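Visitor: Starting off with a structure, shown below.
What follows is calculated from the coordinates using simple rules that are stated; it is not laboratory data. In this text, all values refer to a predicted model and were calculated from it rather than measured experimentally. Don't worry about glycine lacking a Cβ; one is built from the backbone with ideal geometry, like all the others, and counts go over all protein chains shown.
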Amino acid sequence: MSELLEINSLSKSFGGFAALTDVTLAIAEGERFGLIGPNGSGKTTLINCVSGMLRNEAGSIRFSGEEVRRLPAYQRTRRGIARSFQIPRPFRSMTVLENLLVPYQYVGHLRDDEARAQALEVLRDLGLSQKAEALSSTLSQVELRKLELARAMAARPKLLISDEAMAGLSGSEVDEVLKILFDLNAKGITVIMIEHIMQAVMRFSQRVVCLDAGRIICEGAPESIVKEPEVQRAYLGA
Ligand code: ADP
Ligand code: MG
């Protein structure tokens, strides 16, 4: 497998506070990758640096072999980096389909009818077809998370970064979102899953990295990572 994303010696601070220190990791094309760590360990900040919402002051970020560190977010989206947000904020007075037409037209550079066809196809893939005409303000938690993933899919990404898409969901809802991420991966999309629900990370990931206080404390297969004393201490509170 060739590397899709290569992060080298990345550091990011806010004022004097080091949110990320010397983070180095590589993610292969087609990989299912888990990123874990306690609250405040820097997971979202790392994703913000990769997607271009934040600029890291040190280190490089290569995507498909190209340095993207200085590119604005929309340029990175065009190259195939998509992320979902931890807290979905759809336009509440718009329908589910209308919410998707905005990114599908502008990010995907599609005509109205093409945008509509693609948005409907993604809604079908994500099991949201029934809700296409519903106001997004009427959606349940799990439906909102699916809409958020559907929005991220507008750019037809090579890499999808899911930021805690399962937080607060029931067991069967977690399974639904997990299946969606597996299906997208089976279509060739590389997936980074950030998640607190250890069971979900274990089932999904081929490889897991654990952050603590902005540093990588260990990396490995999911079954080995949960046995690491640092992970038990930092993440599982043992
Ligand atoms: P996680 O996603 O792992 O919970 P975050 O990346 O959100 O952690 O946050 C890492 C640390 O950086 C936290 O201490 C948080 O308070 C701080 N932080 C995140 N974003 C900002 C910001 N925009 N300004 C200042 N501090 C921030
Ligand atoms: Mg976070």
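Visitor: Just tell me the longest site-free run in the chain, where the sites are trypsin sites (Lys or Arg not before Pro) in a DSSP loop having at most 13 other beta-carbon atoms within 10 Å.
Guide: So the longest stretch without any such site is 112-186.
Visitor: How much of the pair distance distribution for the chain lies past 31 Å, counting alpha-carbon pairs only, in percent?
Guide: The calculated P(r) of the chain puts 21 percent of pairs beyond 31 Å.
Visitor: What do you get for Rg/Rh over the range 119-238 if you use C-alpha atoms and the Kirkwood form of Rh?
Guide: 1.01
Visitor: To the nearest 20 debye, what is the magnitude of the charge dipole of the chain about its Cα centre, counting +1 on the Cβ of each Lys and Arg and -1 on the Cβ of each Asp and Glu?
Guide: 440 debye
Visitor: Can you list the residues, at least 5 places off or on another chain, whose amide H is less than 5 Å from the amide H of Ala58, using H built in the peptide plane?
Guide: Long-range HN contacts for Ala58: Ser11.
Visitor: Beyond 20 Å, what share of the Cα-Cα pairs of the range 68-135 is found? Please give it as a whole percent.
Guide: For the range 68-135, the fraction of Cα-Cα distances above 20 Å is 34 percent.
Visitor: List the relative contact order of the range 33-166 as a percent without decimals, with contacts defined as Cα pairs under 8 Å and 6+ residues apart.
Guide: 30 percent
Visitor: Continuing with this model, one more query. With +1 on the Cβ of every Lys and Arg and -1 on the Cβ of every Asp and Glu, and nothing else charged, how large is the dipole of the range 73-138 about its Cα centre, in debye rounded to the nearest 20?
Guide: 400 debye
Visitor: Relative contact order (percent) for the chain, with alpha-carbon contacts under 8 angstrom and 6 or more residues of separation?
Guide: Value for the chain: 26 percent.
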